[in-house]
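This report refers to the structure that appears directly beneath it.
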Amino acid sequence: MGTDFLGWVAAAALVVAVLYLLRTPRRSRGRLIAWGVVLAYGAALAWLMGSETLRPLVVRGDWMRAGHTAFGLALIFIGLGGFVYGGMSCAARFMCFSADEKVQANLVVIQNRQHYTPQLVRAARRENLRAWLGCFYPGILWLFLGLGMIGIGGWLVK
């Protein structure tokens, strides 16, 4: 069994854990286990960043570059967390989008448009579009913030 296979298994476990976190209630034992998987994956990633990237710089005595690299890796790690949180936020809010009562009422108007005035149908479509875009708003900000931090951290690490 090679390390590539174990890497794929760990990545699959992380994906399953994140999807489980999206779908379970706030307090459950499975949710605690899923957070444990996410934290273990993050700790392994942090260990690899330190041992593969920082150690050679410290051994060489290049302290300035090691400091930039450490700060850049921290920014990348925090940016990755923001990016994942933004994606989870978008997915969770999108899953709750169709359960909104106002959206359901607007869907009835849109589906039975022959019984309603064109202005009412247009307003229902506009409200649903606004609600749909509102699902992504906070998550998209976190996604872009995370991407920006990853970019700055990558520039520092070079």
Taking the conditions exactly as written (touching a residue at least 60 places away in the same chain (Cβ under 8 Å), closer than 27 Å to Arg130 by Cα and among the hydroxyl-bearing types (Ser, Thr, Tyr)), does Tyr116 satisfy them or not?
no
Set Ala99, Ala105: member being hydrophobic (A, V, I, L, M, F, W, C) and closer than 30 Å to Leu21 by Cβ:
Ala99
Within segment 43-76, count every residue that is surrounded by 13 or more Cβ atoms within 10 Å (Cβ to Cβ) and either charged (D, E, K, R) or touching a residue at least 60 places away in the same chain (Cβ under 8 Å) (or both).
11
For Gly146, which of the numbered conditions (1) modelled with pLDDT under 85; (2) within 26 Å of the chain's Cα centre (by Cα) fails to hold?
(1)
Condition check for Val84: surrounded by 14 or more Cβ atoms within 10 Å (Cβ to Cβ) and of a type in the set (A, V, I, L, M, F, W, C):
yes
Just to verify a result, which residue in segment 126-143, among those that are loosely packed, with under 15 Cβ neighbours inside 10 Å and of a type outside the set (A, V, I, L, M, F, W, C), is modelled with the highest pLDDT?
Arg126
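The values are calculated or read from the model by the stated rules, or taken from the named source; none is laboratory data. Keep in mind that this is a model prediction, so the values were computed, not measured. Cβ atoms come from the backbone with ideal geometry, glycine included; neighbour counts cover every protein chain shown.
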